[in-house]
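Contents: one structure, followed by commentary.
The values are calculated or read from the model by the stated rules, or taken from the named source; none is laboratory data. Please read all numbers here as calculations on a predicted model, not as lab measurements. Note that we place each Cβ from the backbone using ideal geometry, even for glycine, and neighbour counts take in every protein chain shown.
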Amino acid sequence: MLEITNLHVSVEGKEILRGIDLVVNAGEVHAVMGPNGSGKSTLAQVLAGRDSYTVTAGGVRYDGRDLLGLSPEARAREGIFLAFQYPVEIPGVANIYLLKAALNAQRLHRGLPELDAVDFLALVRDQLKRVGMDEALLYRPVNQGFSGGEKKRNEILQMAVLQPRLAILDETDSGLDIDALKAVAAGIEAMRRPDRAIILVTHYQRLLDYVVPDRVHVLAQGRIARSGGPELARELERRGYAWVEAGAAGAD
Ligand code: ADP
Ligand code: MG
Ligand code: MG
């Protein structure tokens, strides 16, 4: 589904990603880990098509097509979803309005009829229960005044409503208490499907106790320094990132 080849990315003239190679197949869950500043969010943002990131070499293919040539909106229409590390607040726009507009835009693009208010509410209520989110949050401006946990649950709700083919979750677990973490993990786990891929960007192993990834990759200094199975995340928890960074420098 996703094939990243020798991806180099600069931000404001500084090279952040320095040759990423990664293949993610449909049905797989990949965890991307790594210390602060290693380029995890940069990778997520580039895949979603945010500007201010310059690809200086390499490429990304999505379903065999060039991804980097598509606008962010086109990527979203093609089924790519990014949950931000820092979800944006949108004053004046009710959460439910944004969700419904996003879903109906997607349905229109796919030649499906728009959902009316009644059908949409039924669909959203079903998903709210799953992520343990208070229905009142639907009627508040998007993320405004939401607690950290509520913002993260809201990201999972958006994902569940939009049912993306490729979901990229950037530190959706950071700052969550244990109940919110479990709710978020259950929301992610419920998204696993043979025709969907999920990339979980995370600092910590904690989330991966609940959502067991097929593959784990560790970014260090803008490269994938190490890849492995779920056991790699546990080894990192024990040995810390310095162990991988030493390996990346050729001194393992
Ligand atoms: P991570 O998510 O792994 O913590 P980031 O991708 O956020 O890492 O950042 C990687 C590096 O790129 C950091 O050194 C950060 O300061 C830098 N960086 C990211 N975005 C920008 C930006 N918009 N302007 C300048 N530097 C940036
Ligand atoms: Mg960070
Ligand atoms: Mg980050």
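Please verify whether segment 181-198 includes one or more residues that are modelled with pLDDT of 95 or more, within 16 Å of ligand 3 (Cβ to nearest atom) and touching a helix residue (DSSP H, G or I) at 6+ places or on another chain (Cβ under 8 Å).
For segment 181-198, residues modelled with pLDDT of 95 or more, within 16 Å of ligand 3 (Cβ to nearest atom) and touching a helix residue (DSSP H, G or I) at 6+ places or on another chain (Cβ under 8 Å): absent.
Test residue 129 against the stated conditions and say whether it is without any contact (Cβ under 8 Å) to a residue 60 or more places away in the chain, out of contact with any helix residue (DSSP H, G or I) (no Cβ under 9 Å at 6 or more places or on another chain) and farther than 27 Å from residue 26 by Cβ.
Against the criterion (without any contact (Cβ under 8 Å) to a residue 60 or more places away in the chain, out of contact with any helix residue (DSSP H, G or I) (no Cβ under 9 Å at 6 or more places or on another chain) and farther than 27 Å from residue 26 by Cβ), residue 129 qualifies.
Quick one: which helices (runs of 4 or more DSSP H) lie wholly within segment 157-252 and hold at least 1 residues that are closer than 30 Å to residue 139 by Cβ?
It comes to 178-189.
Considering only residues of segment 138-156 that are modelled with pLDDT under 95 and among the hydrophobic types (A, V, I, L, M, F, W, C), which is farthest from ligand 2 (Cβ to nearest atom)?
Among those residues, the one meeting the criterion is 142.
Quick check on this structure: which one of 121, 67, 98, 115 is away from ligand 3 (no atom under 16 Å from the Cβ), surrounded by 14 or more Cβ atoms within 10 Å (Cβ to Cβ) and within 16 Å of residue 156 (Cβ to Cβ)?
The unique qualifying residue is 98.
What pairs can you find where one residue is in segment 186-215 and farther than 16 Å from residue 33 by Cβ, the other is away from ligand 3 (no atom under 16 Å from the Cβ) and among the hydroxyl-bearing types (Ser, Thr, Tyr), and their Cβ atoms are less than 9 Å apart, with a gap of 6+ or different chains?
186/210; 189/210
Show the residue pairs meeting these rules: Cβ distance below 7 Å; 6+ apart or different chains; first residue within segment 49-60 and of a type in the set (A, V, I, L, M, F, W, C); second residue surrounded by fewer than 14 Cβ atoms within 10 Å (Cβ to Cβ).
From residues that are of a type in the set (A, V, I, L, M, F, W, C), the pairs are 57/6.
Please work out which residue is nearest to ligand 1 (Cβ to nearest atom), limiting yourself to segment 156-187 and to residues that are surrounded by fewer than 22 Cβ atoms within 10 Å (Cβ to Cβ) and of a type in the set (Asp, Glu).
Residue satisfying both the conditions and the ranking: 171.
How many residues does segment 142-170 hold that are out of contact with any helix residue (DSSP H, G or I) (no Cβ under 7 Å at 6 or more places or on another chain), of a type outside the set (S, T, N, Q) and over 20 Å from residue 90 (Cβ atoms)?
Number of matching residues: 2.
For residue 127, all conditions in the list (1) assigned to a helix (DSSP H, G or I); (2) modelled with pLDDT of 95 or more hold save one; what is the number of the exception?
Only one criterion is unmet by residue 127, namely (2).
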